[in-house]
1. Looking only at residues in the stretch 198-253 that are buried (at least 16 other Cβ atoms within 10 Å of the Cβ) and of a type in the set (Ser, Thr, Tyr), which one is modelled with the lowest pLDDT?
2. Condition check: assigned to a strand (DSSP E or B), free of Cβ contacts under 8 Å to residues at least 60 places away in the same chain, hydrophobic (A, V, I, L, M, F, W, C) and under 20 Å from Arg102 (Cα atoms). Does Ile287 satisfy that?
3. Taking the stretch 130-158 on its own, how many of its residues are open to solvent by 50 Å² or more (accessible area, probe 1.4 Å) and among the polar types (S, T, N, Q)?
4. For the subset of the stretch 110-129 comprising residues that are surrounded by 15 or more Cβ atoms within 10 Å (Cβ to Cβ) and over 23 Å from Cys212 (Cα atoms), which member is nearest to the chain's Cα centre (by Cα)?
5. Could you check the stretch 10-59 and list, in sequence order, the residues that are among the charged types (D, E, K, R), open to solvent by 50 Å² or more (accessible area, probe 1.4 Å) and farther than 20 Å from Leu257 by Cα?
6. When both residues are 6+ apart or on different chains and their Cβ atoms are under 9 Å apart, which pairs have a first residue that lies in the stretch 78-93 and is on the phi < 0 side of the Ramachandran plot, and a second that is basic (Lys, Arg) and crowded, with 24+ Cβ neighbours inside 10 Å?
7. Filter the stretch 55-75 down to the residues that are in a strand (DSSP E or B) and of a type in the set (Asp, Glu), then identify the one that is farthest from Ala113 (Cα to Cα).
8. Could you list all residues from the stretch 67-77 that are acidic (Asp, Glu) and surrounded by 17 or more Cβ atoms within 10 Å (Cβ to Cβ)?
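The values are calculated or read from the model by the stated rules, or taken from the named source; none is laboratory data. Computed from a predicted structure; not experimentally measured. Ideal geometry is used to build each Cβ from the backbone, glycine not excepted, and the neighbour counts take in all protein chains shown. We work out accessible area using only protein heavy atoms, side chains counted, and drop any ligands, DNA or RNA first. Shrake-Rupley method; radii C 1.70, N 1.55, O 1.52, S 1.80 Å.
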Amino acid sequence: MIRLILDLLNFLNLLGSAVQVIPLPGIPVAIHPLDRGVAVACIDRSVICIADTGYTVDVLPYKVLEPRDICLWNGELAAADFSGESIVINNRMILLPGGPDRICEVFWNTPSAPELAVALFNPGIIVLVDQDGTVSTLVKMPGAKSISPCDVDGDGDMDLFASGFGSGVICIENRDLLPVVHYIGTIEVGVKKCFAVDMDDDSLMDVAGIACAEGGAGWWRNPGCIDGEWEFHEIDSYLKGPKDIWCRGDSIVIASLFSDTFVSFIPGVQFPEGFSCCYISDEGDIILGHRLGYLIHIREGALRMLPQHQRLGTSYEPLMLD
């Protein structure tokens, strides 16, 4: 623990005044952007809070036992409560048939009324939740851990990527409102979190993911035909304890508990370990949640001034494809 604190302090000293350190009331596990600042789900203690652009932290009156994820759903902040087997929105609670790991807003049935897509680790299903609280099973998926929405095939309908322990990554195609599953691939025993992103700037949605245990991270290239072969590209096989991944364009940040945080757009720079969640803003700023109970907001300009160090094991080459 002492080494963890010293590594973080040394890193913050390198960044100087270009970094903002925001104390939180608990350990951050998920970050979601808002119009002003970010929302953060914390455990130990279990709270949902907002850090605004002035870095004032306000705890919201959400009653959650074990928050795992947060997102905006029809303009309201929704929280996934794993132990409570529910979705919490302000003082409203929607009961689920299992513990939710990840949630996201998705326009599955209509372009005007968004549902909430939920990955339930146990019993291993992806469900849709309507505004009235109706819960319907979309697909069965053992060990479901994560979901990410996008239009994979460019037909105008919203599809989903999903990932899980023992299941790897799948694409759930929205074909005339019916789910059609396409297997993408896996990293070792499974993929903890997936993220839809156009990695190679070909206007096709690819998918990146982090391993459930050891195995690091990688991404799969969209073959242009949704049921074709998705080619795997390694990002970093040396990551241990990856916890979160966020992509914007071909930029990737991967928060890791037990190895250096991965930042693709400043190769060679060493970030310390101990980060539990991450986010990249539209401006290129990085916001990282640290397991000591802090948000670390690093402005884009500061990243370019960091001293360069050799970073072993990185083979990220997103723009050198055939």
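1. Tyr238
2. So Ile287 fails the test.
3. Residues flagged as open to solvent by 50 Å² or more (accessible area, probe 1.4 Å) and among the polar types (S, T, N, Q) within the stretch 130-158 amount to 4.
4. Leu116
5. Matches in the stretch 10-59: Asp35, Arg36, Asp58.
6. Taking only residues 6 or more apart or on different chains, the pairs are Ala80/Arg102.
7. Step by step, filter the stretch 55-75, then rank; the result is Asp58.
8. Within the stretch 67-77, just Asp69 meets the criteria.
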